Amino acid sequence: MNFKIRKKEFLDSISNAVRAISSTTPLPALSGIKFEAKENSLVVISSDSNISIRTIIKNTEKDTDILTVNETGEVIIDARYILEIVRKIDSPFINFEIIDGTLVKIYGANSEFKINGMKGSEYPEINFSVSDNAFSIKTEAFFEIVNQTAFACAETDTRPILTGVNFKAKEGILTINATDSYRLASKKVEIDSDLEFSITIPNKHLSLIYHSLANVDDVMIVIDNQKISFVFNNTIVQTRLLDDVFPDTSKLIPLSFTQVLEIKAKELANAIDRTSFIKSDGKNIVKLTITAEEIDITSSNQIGSSYENVKLISFEGDPFEISCSGKYLMDAIKAIGSENITISFSGELRPLIITNKEDNSVVQLISPVRTYK
């Protein structure tokens, strides 16, 4: 095995590959990255058995100076070391050569490293084939989906299905939902596809995919029975899906409201942040007292109390009080991402809804907390 490769493409592929490496894998080969030098390409593979990444590096018609393969072969190298080695070599090109069994020499300019690897045959076989059940989406839209929903996933695996984000497609509409059973983040986007499916992607894998898509304009998403694949720029990132039925969240959103207000998002978020810094048992519950012109925001426990007042833009309905998590409120306001937000209520013990009247594609729902006076 012997090849010469441009450092930028090599480092980019390795930096992406290490995202799928787990420090707790029971299989030694999966702590490394597999390199397969073929006649005209270099294949870089990594996996933790739940999420897998494959990148193919090769020359293009416009750029024939990326890769030169002198001898084919394959080897596995510990991910931690190969990443540091490639980073440290101060040369536009890097040479990679097996010199004795699995002893690999990596060199460029005035630097040379030797590291023991493992035989490529020790790496488990990974099926990177994709089906025809695919649709494309702008990366910017995918980023927006993740930013506006994923934060609402459950952080513990008491109900494993709630640790993922559900993607449901029907009649050209993709509905994305995330919930921890106390709040719900919901997003709708149009897609150019008639596929129908309902799948749930683990949130931690969705975050990895998110960070893998830097400098990518479009991504193709391929749906298979037990996995989903994201295909872009000669790279496939595939992840296993959560194997359970995601709860039907459509009935959680109230259809009618008794109070509706509009308020400046930043002013409300800052006020909640200042008010809810005093936590009790890790919780920051705030009480909202709403009148025709303003919201009084209060928080109190055995440690102390705080108070803020924020003026409303508009209000419809009778004055009332409601209590909820300050953190959940701030998360929802940030996810909406607009200058002004609309908050709709249907009772002191019914969920409140946060929306942007200029963009009805995203809805944030928060369950209230019962407090005792």
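Here the simple spin-label model places points 7 Å from the Cα toward Cβ, and for residue 211 and residue 103 these points are separated by 3.5 nm.
Convex hull volume per residue, computed on the Cα atoms of the range 200-291, equals 227 Å³. For residue 7, the solvent-accessible surface computed with a 1.4 Å probe is close to 40 Å², ligands and nucleic acids excluded. Annotation: residue 58 carries an accessible surface of approximately 100 Å², with a 1.4 Å probe and no ligand, DNA or RNA atoms counted. Projecting label points 7 angstrom from Cα along Cα→Cβ for residue 88 and residue 119 puts them 2.9 nm apart.
Taking a quarter of the surface of the Cα convex hull of the range 284-353 gives a mean projected area of 4.9 nm².
Out of every Cα-Cα pair in the range 53-130, what percent are more than 22 Å apart? Before the final figure, lay out the partial values.
Values: 980 of 3003 pairs.
Tail of the P(r) past 22 Å holds 33 percent of the pairs.
About the centre of its Cα atoms, the chain shows a dipole size close to 860 debye [charges on the beta carbon of Lys, Arg (+1) and Asp, Glu (-1) only; nearest 20 debye]. Among the GluC sites (Glu not before Pro) within the range 144-231, those in coil by DSSP and having at most 15 neighbouring Cβ atoms inside 10 Å are 155, 171, 196.
So if the hydrodynamic radius of the range 188-237 is defined as the Kirkwood radius over C-alpha pairs, what does Stokes-Einstein give as its diffusion coefficient at 20 °C and 1.002 mPa s, in µm² per second? It comes out at roughly 175 µm²/s. Rounded to whole Å, the principal axis extents of the Cα atoms in the chain read 79, 49, 39, largest first. For the range 15-47 versus the range 194-212, the inter-centroid distance based on Cα atoms is 21 Å. Using heavy atoms of the protein chains and a probe of 1.4 Å, the accessible area assigned to residue 71 is about 100 Å².
Which of the three applies to the range 1-143, rounded, prolate or oblate, going by the alpha-carbon gyration tensor with a ≥ b ≥ c and a/c under 1.5 meaning rounded? Oblate, since a/c reaches 1.5 and b/c is not below a/b. Mean separation of Cα pairs under 8 Å and 6 or more residues apart, divided by the residue count, gives the range 153-259 a relative contact order of 22 percent. Of the GluC sites (Glu not before Pro) found in the range 310-366, the ones in coil according to DSSP and having at most 13 other Cβ atoms within 10 Å of their Cβ are 339, 358. When the chain is treated as a Gaussian network with alpha carbon springs shorter than 10 Å, the biggest mean-square fluctuation among 214, 271, 154 belongs to 214.
The values are calculated or read from the model by the stated rules, or taken from the named source; none is laboratory data. Worth saying up front: this structure is predicted, and the values here are computed from it rather than measured. Please note: Cβ atoms are built from the backbone with ideal geometry, for glycine as well, and neighbour counts cover all protein chains shown. Side chains included, ligands, DNA and RNA excluded: accessible areas come from the protein's heavy atoms. Shrake-Rupley method; radii C 1.70, N 1.55, O 1.52, S 1.80 Å.
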